[in-house]
1. Classify segment 532-599: rounded, prolate or oblate, from the alpha-carbon gyration tensor (a ≥ b ≥ c, eigenvalue square roots; a/c under 1.5 rounded; otherwise prolate if a/b is larger than b/c)?
2. Nearest 20 debye, what's the magnitude of the dipole of segment 373-517 about its Cα centre given +1 on Lys and Arg Cβ and -1 on Asp and Glu Cβ?
3. For a Förster distance of 60 Å, can you work out the FRET efficiency between the beta-carbons of residue 28 and residue 348, rounded to the nearest 0.05?
4. In nm, what is the difference between 0.36 nm times the number of residues separating residue 385 and residue 282 and their Cα-Cα distance?
5. Taking 0.36 nm per residue of separation and subtracting the Cα-Cα distance, what length does fully extending residue 508 through residue 481 add?
6. Does anyone have the angle between helix 354-364 and the longest principal axis of the chain? Alpha-carbon axes, 0 to 90°, nearest 10?
7. Looking at the square roots a ≥ b ≥ c of the eigenvalues of the Cα gyration tensor of segment 313-402, which shape do they give, rounded for a/c under 1.5, prolate if a/b is larger than b/c, or oblate?
8. Modelled label-to-label distance, residue 100 and residue 531, 7 Å Cα→beta-carbon offset: nm?
Amino acid sequence: MIRQHAMPFGARVDADGVTFRLWAPGASRVELGLDDDRGSTRWHGLSRAEAGWYEATMSEARAGTRYRYRIDGDLVIPDPASRWNPGDVHGASAVVDAASFDWHDGPWRGRPWHEAVVYELHVGTFSPQGTFRGVAERLDHVVSLGATAIELMPLADFPGERNWGYDGVLPFAPDARYGTPDDLKALVQAAHARGLMVLIDVVYNHFGPEGNYLHRIAPPFFTERHRTPWGAGLNFDGADSRPVRDFFIHNALYWLTEFNADGLRLDAVHAIEDDSRPDFLTELADAVHAGPGRERPRHLVLENDRNDAQRLVRDARGNPRHFTAQWNDDLHHVLHRLLTGETDGYYADYADAPIRRLGRCLAEGFDYQGQHSPYRGRARGAASAALPPDAFVNFLQNHDQVGNRAHGERLHVLADTDALRAALAILLLAPSPPLLFMGDEFAAATPFLYFCDFEPELNEAVRKGRREEFAGMAQTRHGDVPPPDPGSTDAYRRSALDWTSLSRAPHAEWLAWYRDLLQRRRDRIVPVIPHVRAGAARYRSDALGMLEVRWPLDDGRTLALYARIEAGGALPEAPPGSEEIFATPGAATARWDVAWRIEPGGAP
């Protein structure tokens, strides 16, 4: 089976050779350079067409041909739509023939979203090899854990040897350090063979600070009308914005079609400023549903600090109109506050009544649904109680919440063991899809640090910025020890998982805890999630640390959570006819006590 996405730019292999298309309205002259087998480059002048497009079909080019563009006689650049850049972001691009990969996962029809247990990983530090093949060799571990999807941190080609991926500048090119495009396709195919979905993290709010040549060749890609934390915004709504929107919409379709991914996680969409209607995000979602989403489920997950519930609405049949789910930062923040006591930064918004806030997150999705956020100094969010539980992805850790700490500490280092295990019982058995970050499941002794590999001057600026950012913050917990240098190879090496620890205490015990909870989720929770009545969940808490959350089911029963958090006393007795799903071992002496039940009747 062949899977190939037709794009209006980049290099396309066809019957007459290879067709090259580049949008460069800022260039007066463009030349195409083709490398021959001896490494010499032959340059060909391109004619300018309408609206700043340059195009040529070259009969001598073929799959594997290295090529680049020369702008106005001096600036040599890779193809911004390169499908592979084996020489890094400043080097030549390589022609890729997507039709050369023979897919054998035709029977794969995806998985419904309510079955999702997402395992987020960074390709470079997940396995000893740091490659797509290394990830493929560890998929059986992910399956045995009980996860149903892997989420790959961004793959777009980034500068240097190491990066989280959010500094990518070639959005269509899987970073060559991880392997070839065919290696990534083989990973997706191997995941599907094991029943695992594959989600890819994509960044449509900015380009990285090194290797982005679009400012020079296509100034309309950016606009000063909108500002972002990274400078000028991307031009999704002004003059000449059509090619910009097409560039990213085709990127989404490319990952879903050419790599047969099951979904995308869209990074920080709150940083996308767009005053048009329909806006870029809506148009992207519509294109996915009308394209690859017609054949099987394709899940679109947002990171969105605005808590814009409207983007998550369902149609009359309960299917997402646009986006499937959003990462629920509110739930993370309040649980982190309860587990660690930290109130730095955005945790200050959850300092008061955290147990009540936890109940609201579990029952209604967002805590902030339009009320004032003291940390942000403005109102935040919109009403979300009418949405189903699977519109929210819950987590205790992810790459941000670990790696954006000064020293990359994981939660088991910061929290009481019994409290963390109880919090995991809340997370992993709630009807919302849970997300785990690689290594969570065995309490990895290794941190996950921020790392990058820019040119020296930029590396120094990043190092200085990190030290200034964390100066005086209580959460560092390392006194005056500065955060590790992000540009050092040491920060990258220290972040690699230690797989030899799985058989040793306490890592083996943590792994067993996760596996047990996820087995209970698969057997007892997943079957009832489709029967949860959207908008009907209720919660109540008291000043003594007791929390009760109830999700009525359409058959008259109720999924119920009871939790005692840093409090004495006992949880309510189970009513006759209840099914116990989970109860905290040693509840009588535990500081946190959790019970999950399916009870007869829908009233509290």
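1. Details: a/c = 2.69, a/b = 1.56, b/c = 1.72.
Because a/c hits 1.5 or more and a/b fails to exceed b/c, segment 532-599 counts as oblate.
2. Values: 15 positive and 19 negative charges, 73 e Å.
Using Cβ point charges on Lys, Arg, Asp and Glu, segment 373-517 gives about 360 debye.
3. Values: r = 53 Å, r/R0 = 0.88.
With a Förster radius of 60 Å, E is 0.70.
4. On the way: separation 103, 0.36 × 103 = 37.08 nm, distance 2.19 nm.
So the chain would gain 34.9 nm between residue 385 and residue 282.
5. The residue 508-residue 481 span can extend by a further 6.6 nm.
6. 70 degrees
7. Details: a/c = 2.05, a/b = 1.67, b/c = 1.23.
It comes out prolate by the Cα gyration axes.
8. 5.3 nm
Here, each number is a calculation from the coordinates, and none is a lab measurement. Remember, it's a predicted structure, so these values are computed and weren't measured experimentally. Quick reminder, even Gly has a Cβ in these numbers, built from the backbone with ideal geometry, and neighbours come from all protein chains shown.
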